[in-house]
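Undergrad: Structure provided below as structure tokens; questions to follow.
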Amino acid sequence: QVQLVESGGGLVQAGGSLRLSCAASGSAFSVHTMGWYRQAPGKQRELVADITSGGRTMYADSVKGRFTISRDNARNTVYLQMSGLKPEDTAVYYCNADWSLLKALQEFTSWGRGTQVTVSS
């Protein structure tokens with residue numbers, strides 16, 4: 001089983017920046033796509049950005065040009081650099097990773113517990 005631990009959330013003023021980190025841990029696994037989702041109160045969880053093991057990225061339209069996702073494959077860690085934050089970015093941010101055991105084909109998905117990001121106006 002792969003566990004994900006997020007860090008870096010907090011309270012920031014509109015226009016500010018935050019950097020989220022998420023590290024995957026376990027044994028004998030290979031991580032594929034990693035991503036960040038968010039869920040605001042009363043809303044469904046939505047994809048913010050994701051990145052493949054080869055570095056291909058995808059962003060929600062609402063964050064394009066403001067957020068940057070990156071990863072360190074050697075450390076099985078994904079980052080989300082958030083700039084130009086807006087009050088509507090306030091949500092719990094969840095890390096997500098697709099992974100498989102070494103030399104196995106079946107893929108699994110793990111989720112982190114989430115980290116709160118609050119943007120004040």
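The values are calculated or read from the model by the stated rules, or taken from the named source; none is laboratory data. Please read these numbers as outputs of a predicted model, since none were measured by experiment. Positions of Cβ are backbone-derived with ideal geometry, glycine not excepted, and every protein chain shown enters the neighbour counts. The protein model used for the area step is the full one, side chains on, heavy atoms only, and it has no ligands, DNA or RNA in it. Shrake-Rupley method; radii C 1.70, N 1.55, O 1.52, S 1.80 Å.
Undergrad: Taking Ala91 and the conditions (1) closer than 16 Å to Val2 by Cα; (2) at pLDDT 95 or above; (3) surrounded by 12 or more Cβ atoms within 10 Å (Cβ to Cβ), which numbered condition does it fall short on, given that it satisfies the others?
TA: Condition not satisfied by Ala91: (1).
Undergrad: Going through the range 5-60 one residue at a time, which ones are charged (D, E, K, R) and open to solvent by less than 60 Å² (accessible area, probe 1.4 Å)?
TA: Let us first name the residues in the range 5-60 that are charged (D, E, K, R), namely 6, 19, 38, 43, 45-46, 50, 56.
Residues satisfying the conditions are Glu6, Arg38, Asp50.
Undergrad: Out of the range 2-25, which residues are in a strand (DSSP E or B) and of a type outside the set (S, T, N, Q)?
TA: Pass one, the range 2-25, residues in a strand (DSSP E or B): 3-7, 10-13, 18-25.
Leu4, Val5, Glu6, Gly10, Leu11, Val12, Leu18, Arg19, Leu20, Cys22, Ala23, Ala24, listed by residue number.
Undergrad: Also, quick follow-up: Could you check the range 26-121 for strands (runs of 3 or more DSSP E) lying wholly inside it with 1 or more residues that are within 20 Å of Val12 (Cβ to Cβ)? Quick ask: steps written out before the conclusion?
TA: Numbers: elements: 29-39, 46-51, 57-59, 67-72, 77-82, 91-101, 108-111, 115-120.
Those strands (runs of 3 or more DSSP E) span 29-39, 46-51, 57-59, 67-72, 77-82, 91-101, 115-120.
Undergrad: Within the range 61-81, count every residue that is without any contact (Cβ under 8 Å) to a residue 40 or more places away in the chain and open to solvent by 30 Å² or more (accessible area, probe 1.4 Å).
TA: Applying the first criterion (without any contact (Cβ under 8 Å) to a residue 40 or more places away in the chain) to the range 61-81 yields 61-72, 74.
Remaining after also requiring open to solvent by 30 Å² or more (accessible area, probe 1.4 Å): 61-62, 64-66, 68, 70-72, 74.
Within the range 61-81, residues that are without any contact (Cβ under 8 Å) to a residue 40 or more places away in the chain and open to solvent by 30 Å² or more (accessible area, probe 1.4 Å) number 10.
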